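Each remark here refers to the structure printed beneath this line.
Every number in this text was worked out from the coordinates using simple rules, so none of it is lab data. Predicted model, so just to flag it, every value in this text is computed and none were measured. When we count neighbours, we look across all protein chains shown, and the Cβ atoms used for this are built from the backbone with ideal geometry, even at glycine.
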Amino acid sequence: MKRNLENVYGPRGTFSTRERHGLTRNIDLSTGTLSGRSVVEEYNPRVSYYMNKEVGNFHYGVLHPMKPHRLTLTNHLVMNYGLHKYMDIFEPRQATEEEIVEFHSPNYTEFLKRVTPDNVQEIQEQFTSFNIGDDCPIFDGIWEFCKIYSGASIEAARKLISGDADICINWMGGLHHAKKYEPSGFCYVNDIVLAILQMLRVYPRVLYVDIDIHHGDGVQEAFYMTDRVMTVSFHKYNGDFFPGTGAIDEVGSGIGKYSTINVPLKDGIEDSEYNSLFKSVISEVMKAFRPTAIVLQCGADSLGLDRLGVFNLSIKGHGECVRFMKKFNIPMLVLGGGGYTVRNVARCWTYETGIICGVDLQNTLPNTVYTDFFAPDYKLHPVLGGKITNENTKSFLEAVRTSVIEQLRYLKGAPSVQMQEIPPDIQGFLESESNYNFDVQSDLNKDQKDPIVGIPKKSMVSEYYEDDMDNE
Ligand SMILES: [Zn+2]
């Protein structure tokens, strides 16, 4: 369902499809909030943006660092900068239970569906223990919250598959710690795994890149044994920092060996080092793996001054990773994730929405009803770096880089997946986005799934691919 934004964010004037797709963007400065230096880039993707006006009202608890309200702040900045002119905006449907059990165990899913703050003790007794506690509390509306952010990621994945968008943004998603059988690290349902499972029905190889300060363990674990998803996580690692995994020698197993990449970092890393390492690693990953779709998790707890983070990245440094990924011109799903200093999360994701739309945003924030959150500077780019001592030496970072590049050499060429024709269920979906033949097909295939995550086995999947790429 497409929302009428005028009702939510106030009148912004009319805009045409032509404007939205950027054809007139360099002369359209009617909002007064664009810088006047709007960039018309070579690659001008069609962007879809997924939002839900209720999602910011869920509460994990007064003392809990995860504040869904950051999403409300982000949406208000995005709209008041006028970025809705350059995107299609969707308020997606919620995920269904059937979609959630594509990855999560039915038992855990049933628990999430039934549990409330009032019955948590009683319900816990009926199920095995599910790691509920301070990190993952049971709050009012938890099941609905999960269905909202997961539904958006699933719909965004399908939008990419349909070819109706080149880049889809869901800042509500990116909850990378959730496990098949239990919640973890503020994450209950792993929308990333659910989205990638959709994408694997059409895309031969999906690259997952994670720039949250925490290791993307839930996604890594789900795809640890397949060569069709490469996971690349940049994170703080010392064996102790949550979630404790993400060492450089976790490389995947079985046919998935070498398809898992971990880039462990120390406290205080700064923009120039992070961006240099990121670009160096990703360039080699793109050559070795040749993904046909990308999922980028943009956890904003890697920013300086984050309530839980220990890096020194600026919003520009963080956004540079998004800019770099965009340049590959491959269908991309961009997701949120961590981020616990809410004013900076909103700034960061707004800036990155601007990058994706190819629009330069002026540094002075537009007025919104939440302007007070951004005192005292009211800028898009506050100074965030320099507060944490940088423990990453040049030689340490070079050793990490060398090790990762070496690992990629072991990846014996990108796996080639045969594709003679688009399967009938996908074809049906392409004709109508609201046709969920996927689900029917997935039910039919239930007993033929990969035991870990339910990926259709290679031999069952007919996929398109470019001959010249896969048979090199
Ligand atoms: Zn995180």
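Just a few scattered comments:
- For region 126-192 and region 89-116, distance of Cα centres in Å: 8
- Annotation: amide H-H contacts under 5 Å for Ile169 (H modelled 1.01 Å from N, sequence separation of 5 or more, or interchain): Ser48, Tyr49, Tyr50, Val334.
- Stretching Ala375 away from Lys287 to a fully extended chain increases their span by 27.3 nm, per 0.36 nm per residue minus the current alpha-carbon distance.
- Summed residue charge, Cβ within 12 Å of Phe373's Cβ, Lys/Arg positive, Asp/Glu negative: +2
- Residue by residue, region 74-91 carries 3J(HN,Hα) couplings of 4, 4, 5, 5, 4, 6, 7, 7, x, 5, 5, 6, 10, 9, 8, 9, 10, 9 Hz when phi is fed to the Karplus relation 6.51 cos²θ - 1.76 cosθ + 1.60 (θ = phi - 60°); x denotes Gly or Pro.
- Coil-residue GluC sites (Glu not before Pro) of region 247-297, DSSP, other Cβ within 10 Å capped at 13: none
- Cleavage-rule hits (chymotrypsin sites (Phe, Trp or Tyr not before Pro)) in region 142-187: DSSP loop, at most 15 neighbouring Cβ within 10 angstrom: Tyr181
- Over 25 Å (Cα to Cα) - which of Lys179/Lys236; Lys279/Lys394; Lys147/Lys287; Lys85/Lys379; Lys113/Lys159 fall in this group: Lys147/Lys287; Lys113/Lys159
- Residues with amide H under 5 Å from that of Lys179, placed H, sequence gap 5 or more: Ser184
- The chymotrypsin sites (Phe, Trp or Tyr not before Pro) of region 39-132 that DSSP puts in a loop, and whose beta carbon has at most 15 other beta carbons within 10 Å, are Tyr43, Phe127.
- Förster radius 51 Å - calculated FRET efficiency between Lys394 and Thr116, Cβ distance, rounded to 0.05: 0.45
- For His318, neighbours were defined as the other residues whose beta-carbon sits under 11 Å from its Cβ, and their charges (Lys and Arg +1, Asp and Glu -1) total -3.
- Taking amide H positions as modeled 1.01 Å from N, with prolines and chain starts lacking one, the residues under 5 Å from Leu313 and 5 or more places away or on another chain are Gly304.
- Radius of gyration over Kirkwood radius for region 5-410, both on Cα atoms: the Rg/Rh ratio is 0.95.
- Here the 3J(HN,Hα) profile of region 361-378, calculated from phi with Karplus coefficients 6.51, -1.76 and 1.60 at θ = phi - 60°, is 9, 5, 5, 6, 5, x, 5, 9, 5, 9, 3, 4, 4, 9, 5, x, 8, 6 Hz, Gly and Pro shown as x.
- Coupling constants for region 168-182 follow from the phi torsions by the Karplus curve (6.51 cos²θ - 1.76 cosθ + 1.60, θ = phi - 60°), and in residue order they are 10, 10, 9, 5, 6, x, x, 7, 7, 8, 4, 9, 4, 10, 6 Hz; glycine and proline get x.
- Contour excess over end-to-end distance, with Cα ends at Asn329 and Asn238 and 0.36 nm allotted per residue: 29.3 nm
- Segments 386-399, 232-245, 337-350, 297-310 sorted - mean Cβ within 10 Å per residue, highest first: 337-350, 297-310, 232-245, 386-399
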